[in-house]
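A.B. asks: One structure, as structure tokens, below. Some questions next.
The values are calculated or read from the model by the stated rules, or taken from the named source; none is laboratory data. No experiment lies behind these values; they were computed from the predicted model shown. Neighbour counts are summed over all protein chains in view; Cβ atoms, including those assigned to glycine, are modelled from backbone coordinates with ideal geometry. Calculation scope for accessible area: heavy atoms of the full protein, side chains included, ligands and nucleic acids excluded. Shrake-Rupley method; radii C 1.70, N 1.55, O 1.52, S 1.80 Å.
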Amino acid sequence: MSVCARPGRRAHAASALLGLLVLATGCATSGRNASGPGGGNMGVGGGTGTAETYPVPAHPPPDEDGSQLWLRYPKVPIPGRLAEYRSALTHVVRAGSSATLQAAQAELVKGISGLLGATIPAADQPTGDGALVVGTPSSSSIVKALSLAGLGSVGSEGYLVQAATTGGRSAIVVAANTDVGVLRGSFALLRHLQCHRSVQGLAIAASPKIQRRILDHWDNLDGTIERGYAGRSLWDWSSLPATISQRYIDYARASASIGINGVVLNNVNANPQILSSAYLDKVAALATAFRPYGIAVYLAAQFGAPLHIGGLTTADPLNASVKQWWVSEANTIYQKVPDFGGFLVKANSEGQSGPGDYGRSHADGANMLAAALAPHGGIVMWRAFVYSDNGTDRIGQAYSEFKPLDGQFASNVMVQVKNGPLDFQPREPFHQLFGAMPSTPLALEVQITKEYLGEDTHLVYLAPMWQEVLQSDTYAKGQGSLVARVVDGSLHGYRMTAMAGVSGIGSDANWVGSHFNQANWYAFGRLAWDPDLSAQDIADEWIRQTFSNDPVVVTPVKQMMMSSRQNVVNYMEPIGLVHMMGTDHHYGPAPWVNSLTTANWNPFYYHKADATGIGFDRTATGSNTVSQYSGAVRDKLASRSTVPDDMLLFFQRVGWDDRLPSSGRSIWEELVYRYSAGVDAVATMRNTWPMVQGRIDGKRYGDVASFLQIQHYEARWWRDACLQYFASVSKHSIPSGYAPPAQSLQYYQNLQSTCPSDPTKPRCPAIYTGSPSPAILPP
Ligand code: GCV
């Protein structure tokens, strides 16, 4: 049998103009010509878009509940591309027998059959043109015979997806060095097809730049989810280990399709019972279900577990009995789950126990656990989310505590750092620890669940925020020392790399509380695979798979998504304000709160607004926390002339009548303008959404429309409540040209007693009245 791989062609993006919309008809390429020490992604060939016109559906597409996520596989509606696919993919050559290869084959058959509108048959050998060959050189004699040149460089999770000939017949090959690589390549091919890209000259090579790409579930053993807005936990502990629901498998399919390879099953505010033998049997059952999809299980471990379930009188990490308890705990875990990933630990933070209780350091605690896991290949992810109410600036405390420990952690410990120094706010600077711990592998933690960004209802696409952090320059080793290079390990030569996302995935049919929240799960996986992908490209491919490839859908929806993050910043916390949300549930505005006994839980702590001005001075005249950044960053943030507008009040204190050079407005005027523009931007989203009506199913169309309405009312609530409060302390009034706040300050303060009645689906019916826009009045 003669075999040869065909070289690919360069991708071209076709575009056309329809009305005012630019129609990018090619799907975003699967990667760019980028590679780092940790991996690379190259999409060459097969990226060509289509000039075909998408037909207007004769009937509204059938309703969908969102449960299929981006793995919907509807029949290709454009005849040219459908014909191309039908001749390029005529049969699937059976993969090997491992559970992973079986999963890959099942997904390919399901997906391609759906896209082609006809079941694609399976065969033992290529029977003509159009064979889809999947495998590794050891599981497939055809893959082996192809001697694919690029295979050596894609590593253990990467893949090649390319056009080839085998036995003189055309074929498409998904090849990898491992079965998991084959699975990832199969999903890459399905993504390519779902985006209606051409397969002519197909040649994709990809491998992850970050080793561990992990979903952190804040799921409690009683079925609730901390900061979850999508129903109860996916994990039905009471029916485990006996029952493996299809939902677990679908969760694994979806996660695997975007490259996720780990899951922390339980909340970092951890119940030690998860480490008991009975629960470990349940954990083992989930691990077995996820293993074929290349997903390893991790657990959040409570540091005080030896006290609570071990019968010991101490959890001191230097105590011999404590050490031994963890060694035997690790041994038990690995007996039940041989590929267990390791522990995630929140210690000495927000009431959780930790080594500090015994006068020991974070390194002492982490290293003790690491020693127990090391013989089995497990790791410790030790969180740096620590602060106390000790009178020092909260956002400087993690740096002060962890920076001196750099180099003291065992080789299987990572320190897990939130994207910003406070707590997942709509906009924060990157965390000072990035670039400051050259000898300690740092994992980046982001929050997919939108605790501070509108919970389930608000349409906020988070990839632009994560991209902003990843592409921030720490200057740790001069210009170009991006956070992405810290996290992918290339800046400091880290031995381990990881990115974690707090999932919020629950048992709602749509998994994450809203159809658009799915984009954030999707984008997390794609950015963890390649932190240099663009938010816009990710949005493009997500829309095509989740809603439609029709440019009449793709273009406006992408515009909505790409503007959504700045919109939420504007209507919640503009020009560097943070932490102004309601107490405990974190829903709705409450900038006036200043009575909590923990000072740094008060919104007032962060804005310090009074008659003289507003903002937290973190320069040398204030807390000087800005000095924790390296020189160039520090100088930029500390100077009034260079600090970005969106960071202004985070780092500096200003007078109400000071002028912002960029706009010429006073600080007060700028706040009024930003809040108002944010509200009216939601009106724009609401006006844009009807462009897709009839092109997508009515159920999801209606769900999104009603959430946009809620978002619009809530944006106005944020604006009116915050402006009323700041007007009262600054003694300024709303300038002409802007709508006056709908209600008094007292009205908004009183809402705290009724809103929300249910923090897991937070709503405030009292404010869903009137017309939220225009907030900026027409001239
Ligand atoms: C799991 C914030 C959240 C908490 C969360 C904590 C953390 O404070 O509000 O719910 O606790 O972050 O990241 O540990």
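A.B. asks: Taking the simple approach of a point 7 Å from Cα along Cα-to-Cβ for both Gln471 and Asn269, what is their distance in nm?
C.D. replies: The two pseudo-label positions are separated by 3.6 nm.
A.B. asks: Distance in nm between label sites at Ala149 and Val109, each 7 Å beyond Cα in the beta-carbon direction?
C.D. replies: In this crude label model, Ala149 to Val109 measures out at 3.6 nm.
A.B. asks: Carbon-plus-sulfur fraction of the accessible area of the range 189-344, 1.4 Å probe, in percent?
C.D. replies: Working: 2260 of 4530 Å².
Solvent-exposed carbon and sulfur of the range 189-344 make up 50 percent of the total.
A.B. asks: Turning to a different aspect of this structure: Is there a pair in Lys110/Lys558; Lys608/Lys731; Lys144/Lys336 whose C-alpha atoms are over 26 Å apart, and which pairs would that be? Don't skip to the end; give the middle numbers.
C.D. replies: Values: Lys110/Lys558 28 Å; Lys608/Lys731 15 Å; Lys144/Lys336 35 Å.
Violating the 26 Å Cα-Cα cut-off are Lys110/Lys558; Lys144/Lys336.
A.B. asks: Also: Counting only heavy atoms of protein chains, what accessible area per residue, in Å², does the range 51-119 have with a probe of 1.4 Å? If you can, show how the numbers build up before the last one.
C.D. replies: Numbers: 3160 Å² over 69 residues.
So the range 51-119 comes to 46 Å² accessible per residue, rounded to a whole number.
A.B. asks: Quick one: net charge of Asp357's neighbours, Cβ under 15 Å, K/R +1, D/E -1? Don't skip to the answer; put the middle values down first.
C.D. replies: Numbers: positive: Lys346, Arg360; negative: Asp316, Glu350, Asp364, Glu401.
Net of charged neighbours comes to -2.
A.B. asks: Let me ask something else. If I stretch the segment between Arg659 and Ser328 completely, what's the gain in nm (0.36 nm per residue apart, minus their alpha carbon distance), one decimal?
C.D. replies: Working: separation 331, 0.36 × 331 = 119.16 nm, distance 6.32 nm.
Value of the extension gain: 112.8 nm.
A.B. asks: I've got another one for you. How large a share of the accessible area of the range 385-443, in percent, is made up of carbon and sulfur atoms when the probe is 1.4 Å and the other protein chains stay in place?
C.D. replies: Values: 690 of 1480 Å².
Here carbon and sulfur together make up 46 percent of the probe-accessible area.
A.B. asks: Roll a 1.4 Å probe over the protein chains and send me the accessible area per residue for the range 725-779 in Å². Before the final figure, lay out each step's value.
C.D. replies: Working: 3100 Å² over 55 residues.
For the range 725-779, the per-residue accessible area is 56 Å².
A.B. asks: Is there a quick way to get the dipole size of the chain? I mean about its Cα centre, with the Cβ of Lys and Arg at +1 and of Asp and Glu at -1; what is the value in debye to the nearest 20? Can you show the working numbers first?
C.D. replies: Numbers: 59 positive and 60 negative charges, 345 e Å.
For the chain, the charge dipole is close to 1660 debye.
A.B. asks: What number, in percent, do you get for the relative contact order of the range 546-618 if the mean sequence gap of Cα pairs under 8 Å and at least 6 apart is divided by its residue count?
C.D. replies: On the way: 55 pairs, mean separation 12.7, N = 73.
Relative contact order, the range 546-618: 17 percent.
A.B. asks: Right, next: If you roll a 1.4 Å probe over the range 446-527 with all protein chains in place, what percent of the accessible area is carbon or sulfur?
C.D. replies: Numbers: 710 of 1580 Å².
The value for the range 446-527 is 45 percent carbon and sulfur by accessible area.
A.B. asks: How about the range 59-152: which trypsin sites (Lys or Arg not before Pro) there are in a DSSP loop, with at most 12 other Cβ atoms within 10 Å of their Cβ?
C.D. replies: Working: sites: Arg72, Lys75, Arg81, Arg86, Arg94, Lys110, Lys144; in loops: Arg72, Lys75, Arg94.
Those that pass, being in a loop and sparsely packed, are Lys75.
A.B. asks: Near Ile249, within a Cβ-to-Cβ distance under 12 Å, what is the net charge of the other residues, with Lys and Arg +1 and Asp and Glu -1? Intermediate results must be reported in sequence, preceding the final value.
C.D. replies: On the way: positive: Arg247, Arg253, Arg291; negative: Glu107, Asp250.
With Lys, Arg at +1 and Asp, Glu at -1, the net is +1.
A.B. asks: Keeping every protein chain present and rolling a 1.4 Å probe, give me the accessible area per residue for the range 563-692 in Å². Intermediate results must be reported in sequence, preceding the final value.
C.D. replies: Numbers: 4450 Å² over 130 residues.
Per-residue value: 34 Å².
A.B. asks: Follow-up. Could you give the length gained on full extension between Ser771 and Ser411, defined as 0.36 nm per residue of separation minus the Cα-Cα distance, in nm? Mind dumping the intermediate values first?
C.D. replies: Details: separation 360, 0.36 × 360 = 129.60 nm, distance 5.79 nm.
Contour length minus the Cα-Cα distance gives 123.8 nm.
A.B. asks: I want the local charge near Ala83. Using Cβ-Cβ distances under 13 Å, sum +1 for each Lys or Arg and -1 for each Asp or Glu among the other residues. List each step's numbers first, then the result.
C.D. replies: Working: positive: Lys75, Arg81, Arg86; negative: Glu52, Glu84.
With Lys, Arg at +1 and Asp, Glu at -1, the neighbours total +1.
A.B. asks: Another question about this same structure. Students often get this wrong: which residues of the range 534-555 have the backbone nitrogen under 15 Å from the point 7 angstrom along Cα-to-C-beta of Lys699?
C.D. replies: Flagged as within label range: 547.
A.B. asks: Still on this structure, I have one more. Quick one: what do you get for the chain if you divide its Cα Rg by 2.2 N^0.38 Å?
C.D. replies: 0.96
A.B. asks: Next question, about the same structure. Taking the Cα-to-Cβ direction at Lys731 and at His308 and moving 7 Å from each Cα, how far apart do the two end points lie in nm?
C.D. replies: Once both label points are built, they end up 5.2 nm from each other.
A.B. asks: Starting from the Cα-Cα distance between Gln200 and Thr288, subtract it from 0.36 nm times their residue separation and give me the gain in nm to one decimal.
C.D. replies: Numbers: separation 88, 0.36 × 88 = 31.68 nm, distance 3.81 nm.
Extra length available between Gln200 and Thr288 comes to 27.9 nm.
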